[in-house]
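Visitor: Sharing a structure with you now.
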Amino acid sequence: YLNKEKYYEIAKLVEKRKTERDEQVQRMIADISSLLDAHHIGYRIFGRSKHLYSIYKKMMTKNKRFEEITDTDTACYETLGYIHAKYRPIPGRFKDYIAMPKVNMYQSLHTTIVAEDGNIFEVQIRTEAMDAVAEQG
C-alpha cells in the first residue's frame, strides 16, 4: 500500500519468471530427495515461492525459497551435512535455531546454498514438531 510502484514492479518481475522459478524449485526438490533417499533419511520436502512483500524484503537482504523437514534434531544436522557436502554453502548464511531457539521457541537450521546450475536456494531443515511450532505457534 505504501509503495505501489515498487509492488507492481516486483509483481511484474515475479510473474515473468514464475514458470522458470517453479521448475528450478522442482529440480532442487528432486535432487535433495534423491540425496536423502540415498542416506536413508526420512523427510517431507516442499518448495514454495515467496509472497511479493517477502520478495521485497529479501531484495534488501538475500534470496530465500526452500524448506525441508526431518524427524530428529540429529537427522536435521545430518541432513545439513549431506546438503553442504553436495552444494556450496554461502558463507555467513547459516543459522542454528535448534541449538539457540528464537525467543518465540522457533527452531530450525537455515542455510543458503548455490545449486549446480548457479541458482541460490535457502534450505530450512526442521523436525515435524519444530514445523508445528513454526506454522501454528
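Visitor: When the residues of region 31-56 are filtered to those that are outside any helix (DSSP H, G or I) and among the hydroxyl-bearing types (Ser, Thr, Tyr), which remaining residue is modelled with the highest pLDDT?
Guide: Per the stated criteria, the residue is 43.
Visitor: Yes or no: region 62-74 includes at least one residue that is over 12 Å from the mean Cα position of the chain (by Cα), at pLDDT below 70 and either among the hydroxyl-bearing types (Ser, Thr, Tyr) or open to solvent by less than 80 Å² (accessible area, probe 1.4 Å) (or both).
Guide: yes
Visitor: Taking region 95-137, which residues are free of Cβ contacts under 8 Å to residues at least 60 places away in the same chain, open to solvent by less than 50 Å² (accessible area, probe 1.4 Å) and among the acidic types (Asp, Glu)?
Guide: 96, the sole residue that qualifies.
Visitor: Can you name the condition, by its number, that residue 82 falls short on among (1) of a type outside the set (A, V, I, L, M, F, W, C); (2) at pLDDT 70 or above; (3) open to solvent by 40 Å² or more (accessible area, probe 1.4 Å); (4) assigned to a loop (DSSP other than H, G, I, E, B)?
Guide: (4)
Visitor: Being hydrophobic (A, V, I, L, M, F, W, C) and in contact with a Gly (Cβ under 9 Å, 6 or more places away or on another chain) is the filter here, so list the residues in region 96-137 that pass it.
Guide: 105, 121
The values are calculated or read from the model by the stated rules, or taken from the named source; none is laboratory data. On a predicted model such as this, the values are computed, not experimentally measured, just so you know. A quick note on method: Cβ atoms are made from the backbone with ideal geometry, for glycine too, and the neighbour counts reach across all protein chains shown. We work out accessible area using only protein heavy atoms, side chains counted, and drop any ligands, DNA or RNA first. Shrake-Rupley method; radii C 1.70, N 1.55, O 1.52, S 1.80 Å.
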